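We did not get these values from a lab; they are worked out from the coordinates using the rules stated. A quick note: this is a predicted structure, and the numbers were derived from the prediction, not measured. All Cβ positions, glycine included, derive from the backbone under ideal geometry; neighbour counts span all protein chains shown.
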Amino acid sequence: MSILEFNNVTLHQGKKTILDNITFAIQEKQICCLLGRNGAGKSSLFKSVFGIFQLKAGYININGLEHSPDTRNQFLQQVGALIEGAALYEHLTGYENLDFVRRYYSGEKSRILEVLELVGLSPDQEKKTKYYSSGMKQRLGLAMALFHRPSLVILDEPTNALDPEGISEFRSLVKRLNRTEGVSFLISTHQLEEASFYRDRILILKQGRLVYDSAIQNTESFKLLPHQAYPHLAEELASQSFWREEEAFTLLQKPLATYPYIWEELNTPSLEDIYLALHQQKSHATHELLSY
Ligand SMILES: Nc1ncnc2c1ncn2[C@@H]1O[C@H](COP(=O)(O)OP(=O)(O)OP(=O)(O)O)[C@@H](O)[C@H]1O
């Protein structure tokens, strides 16, 4: 079942097209990572979900409910969000911060204890959040986003300010909450290894267009485009009026025989290969080959 659906969504700001005919659906219990350069439109896509921006065309559904001014509250009841850092009252405890959220949603006090337990902050609930580590603050932010039992949680670059330990803890927590609570996640990140870690669904935005959706595009298709993933091949083969994949691979055979792992990488494009190919950049494998 689809949790979030974008149907031909187009968004303009003045004369500029910020989102261009975006269509995708996030399924129940999916962790979907949204990648793209600065300015690609990730935050604008989130803002469209929250109804902050008015769409030029298309529509957005959550659990089958279409977003409109009339359904906005009902719609938002089903979405939780943690946008960059958690917004906390630092002079208050973790529990007290969650109590603000409880009052907003007119929730039960028992739910505060439940979400603290879910994110592993029960032992620190009476501590003022100014004494929390960055990782603990992000986990509290996640608890706040989960309080009203949304089916989808949106995380905007959630691990940006965390140290490696905090990053690892946070990612594992997201994975666990997805499995145990059945929450779907839509996560924007610039860290390709974050998207690879979840190994679920990947969307790549480029200049407002959805240029890659792992649910539709098989990575196999990228093998047919080595000139994109490995642009120096295009240079070497430029004099030919046409060329085929095998020719490109023949050209690479010598270095590939010496470095078999590159051969493997060429045959199985990594997320980095795909991302860089879509942005016409040289991949790690290409750099290795060029320095050979
Ligand atoms: N309120 C606005 N008015 C006009 N243009 C806007 C507005 N908000 C965003 N934009 C433009 O929309 C485009 C997409 O911006 P957006 O912030 O969505 O990108 P992003 O992918 O989230 O970038 P980043 O990775 O830096 O957060 C950019 O060109 C930006 O300048």
Testing the spin-label approximation: label points 7 Å from Cα along Cα→Cβ at Glu165 and Phe50. State their distance in nm. 3.1 nm
Which residues among the stretch 32-60 fall inside the zone where the amide N is under 12 Å from a point 7 Å beyond the Cα of Asn8, along Cα→Cβ? 57-59
If you take every residue apart from Gly107 with its C-beta less than 14 Å away from the C-beta of Gly107, what net charge results, scoring Lys and Arg +1 and Asp and Glu -1? +2
Jot down the per residue volume, in cubic angstrom and as a whole number, of the convex hull over the alpha-carbon atoms of the stretch 1-53. 79 Å³
About its Cα centre, what dipole magnitude does the stretch 2-213 give when the only charges are +1 on Lys and Arg Cβ and -1 on Asp and Glu Cβ, stated in debye to the nearest 20? 440 debye
The stretch 2-213 - Debye-derived log10 I(q)/I(0), Cα point model, q = 0.09 Å⁻¹: -0.34
Diffing the stretch 28-34: the Karplus 3J(HN,Hα) column from phi (6.51, -1.76, 1.60, θ = phi - 60°), in whole Hz with x for Gly and Pro, holds 3, 6, 8, 10, 10, 9, 10
Quick check: the distance between the Cα centres of the stretch 62-108 and the stretch 137-162, to the nearest angstrom? 10 Å
With +1 on the Cβ of every Lys and Arg and -1 on the Cβ of every Asp and Glu, the dipole magnitude of the stretch 25-92 about its Cα centre, in debye rounded to the nearest 20, is 260 debye
